[in-house]
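**Student:** One structure, as structure tokens, below. Some questions next.
Computed from the coordinates by the stated procedures, all read-outs in this text should not be read as laboratory data. This structure is a prediction, so every number in the text was calculated from the model and none was measured. We place every Cβ from the backbone using ideal geometry, glycine too, and count neighbours over all the protein chains shown.
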Amino acid sequence: MSAIASLLGLVPGWIWAGLMAASVLHGCWIGHQRDGASNALHELQAAVAKVDLARTQAAFAANSNFRKFEHQQAAAAAELEHANQVRKQAAVGIDRSNRDDVDGLRRDVAQLDAAARRGGLPSAAAYPRELAASRRAAENARGLFLACAAEYQEVAGSAQRDVIDLGTGVGFADLVQTSAPP
């Protein structure tokens, strides 16, 4: 130890004081850097936590909106399905009603045919032929009427021209009589 003490004695005290001050300053500087790094790490961790929280909230909101959209789509699909079922049931009801009406009319025609045969009258099966003949006669009459109407229009137009020509002739005759000297 005496060797160390003799070595320490060779260095003046103010150098030792400077070395000690430098060592303390170095320790303070290192501590300050460590505290700054620790604070920066805590700030970074807080920023990462905020970003994670914002990402989680955005994901939750997107998931919630998607679920709401899915729910709305499912409700709309269910409503459309219900409307289609109602339309199908209404169509089935109308179809059944129409079939019942047709069946009723067939029964009525069959009853009328039976009554007509008992009374010696023609059956309802003969009526379509008579109806076709009546339609042909009505179409012929309609064609004749249209031809007559066209001819009447032509005669009326000719008569109108004759009236105009006669009026012009009478006017000219009056003009000639009044302008001629006696």
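**Student:** Roughly how many debye, to the nearest 20, is the charge dipole of the chain about its Cα centre, given +1 on each Lys and Arg Cβ, -1 on each Asp and Glu Cβ, and no other charges?
**Tutor:** The calculation lands at about 920 debye.
**Student:** Is segment 29-81 rounded, prolate or oblate when judged by the Cα gyration tensor, a ≥ b ≥ c being the square roots of its eigenvalues, rounded requiring a/c under 1.5 and prolate requiring a/b larger than b/c?
**Tutor:** Judged from the Cα gyration tensor, segment 29-81 comes out prolate (a/c at least 1.5, a/b above b/c).
**Student:** Another question about this same structure. Starting from the Cα gyration tensor of segment 14-121, take the square roots of the eigenvalues, sort them a ≥ b ≥ c, and report rounded, prolate or oblate (rounded when a/c is under 1.5, otherwise prolate if a/b is larger than b/c, else oblate).
**Tutor:** prolate
**Student:** Another one. Cα convex hull of the chain: how many Å³ per residue?
**Tutor:** Convex hull of Cα atoms, per residue: 524 Å³.
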